[in-house]
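Read the structure below first, then the notes.
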Amino acid sequence: MYQAHFGLRELPFGITPDTSFAYACTSHQEALNTLLVAVKNGEGFIKITGEVGTGKTLLCRRFLATLDQNYVSAYIPNPYLEPRALLLALAEELGVALPRESDQHQLLKGLTRALLHFARQGKSVAVCLDEAQAMPLETLEALRLLTNLETEKRKLLQVVLFGQPELDAKLAHESVRQLRQRITFQYRLGALRRDEIDHYLAHRLRVAGYRGGGLFTPGAVRLIHRMSRGIPRLINIIAHKAMLLAYGAGVQRVVARQVRSAASDTPAAKAARRWWWLGFAMVLMSVSGVGWVLLQ
């Protein structure tokens with residue numbers, strides 16, 4: 001594509017969760033610190049929520065990468081499973097051999113024995129479930145039953161739930177109130193602030209091999225922030241398309257006009273643009289109303 005044109009080794013604005021491009025913005029760093037403190041304290045359930053595209057999967061991978069040899073970890077990317085299927089997936093992730101024909105009770109017993117074995121070895125077990133808002137209520141309850149096992153000092157299994165804000169509504173259900181009470185640490189991922197966007201863009205470009213000056217003009221950066229609402233995935237999509245347009249025009253910098261064209265081709269950014277114009281119109285109406293009152 002445009003790597004040679006801009007002097008890049010690789011594309012800087014992919015949407016796959018690549019930890020080599022991870023940018024330690026305030027929100028992500030605070031969330032990571034929360035996870036590390038919670039796991040060190042041996043808490044049972046930890047919850048991380050955030051809107052679509054705010055980097056929950058990337059944060060999960062960063063967190064797993066920080067765990068040392070004292071931890072056994074498991075990652076379940078799609079927990080939309082019945083209880084028995086989730087227990088089998090968990091056993092596979094932890095390297096525990098269990099007969100696939102076992103019923104749910106036998107699976108719970110087998111996993112319990114495995115957790116006790118890890119504890120005798122001095123290891124803690126951390127399980128990360130991505131897209132946790134998709135978990136059926138009965139599966140959440142089966143997971144809670146598995147976390148009942150504990151020593152006098154700590155839990156033998158720690159669970160981190162990563163999910164969209166809909167996870168809060170699911171956890172508000174009366175049938176999982178016991179699990180809800182066991183969530184001792186939680187964090188809500190936010191979007192990038194305006195002052196972080198410049199550093200975010202420069203960071204990803206630098207990791208990709210860019211060594212030039214500011215590739216995005218100040219006007220382009222302001223427009224990226226407005227159209228993306230600071231959501232990293234939308235920033236990446238818009239920045240990538242804008243760089244394609246700059247490459248097609250044969251220029252070395254991305255300007256606001258190219259960002260506007262890129263955003264108009266991005267449905268989620270179009271929605272943001274409509275809301276921005278609605279807000280602007282409401283402000284104008286308010287100002288006009290005040291002016292009318294003053295004239296009266």
* For segment 16-32, list residues with backbone N below 20 Å from a point placed 7 Å from the Cα of Asp68 toward its Cβ? -> 32
* Using a Förster distance of 35 Å, the FRET efficiency for Ala24-Ser102 (Cβ separation, nearest 0.05) -> 0.25
* Structure fact -> If each part is reduced to its alpha-carbon centroid, segment 15-55 and segment 167-197 end up apart, in Å, by 12
* Kindly express, to the nearest 10 degrees and within the range 0 to 90, the angle between helix 194-207's C-alpha long axis and the longest C-alpha principal axis of the chain. => 80
* Report the charge-dipole magnitude of the chain in Debye, nearest 20, computed about the Cα centre from +1 at each Lys and Arg Cβ and -1 at each Asp and Glu Cβ. => 860
* Asked: Looking at (i) 1.08; (ii) 1.06; (iii) 1.01, which value of Rg/Rh (Cα atoms, Kirkwood Rh) comes from a calculation on the structure shown?
  -> (i)
* Estimate the FRET efficiency between Gln252 and Lys109 by the formula 1/(1 + (r/R0)^6), using the beta-carbon distance for r and 45 Å for R0, to the nearest 0.05. => 0.10
* Structure fact -> Pseudo-spin-label distance Asp198 to Arg154, built 7 Å along Cα→Cβ, given in nm, is 4.3
* What is the chain's relative contact order, in percent, from Cα pairs under 8 angstrom and six or more apart in sequence? -> 26
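Given a Förster distance of 41 angstrom, what is the FRET efficiency for Gln178 paired with Leu11, based on the Cβ-Cβ distance and rounded to 0.05?
Values: r = 46 Å, r/R0 = 1.12.
Once the sixth-power term is evaluated, E becomes 0.35.
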* Please give the net charge around Pro83, taking every other residue with its beta carbon less than 9 angstrom from that of Pro83, where Lys and Arg add +1 and Asp and Glu add -1. => -2
* Structure fact -> Fewest-first ordering of Leu81, Leu157 by Cβ atoms within 10 Å yields Leu81, Leu157
* Nearest-ten-degree value, helix 267-295 long axis tilted from longest Cα axis of the chain -> 60
* To do: Sort Glu82, Glu131 so that the residue with the fewest other Cβ atoms within 10 Å of its own Cβ comes first and the one with the most comes last.
  => Glu82, Glu131
* Would you mind calculating the relative contact order of segment 26-189 from Cα pairs under 8 angstrom and at least 6 residues apart, reporting the percent as a whole number? => 39
* With Cα atoms, 0 to 90° folded angle of helix 56-66 axis to the chain main axis -> 60
* Ranked Asp198, Asp18, criterion: other C-beta atoms within 10 Å, fewest first -> Asp18, Asp198
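No lab work stands behind these numbers, since they all come straight from the coordinates. Predicted model only: the values in this text are computed from it and were never measured. When we count neighbours, we look across all protein chains shown, and the Cβ atoms used for this are built from the backbone with ideal geometry, even at glycine.
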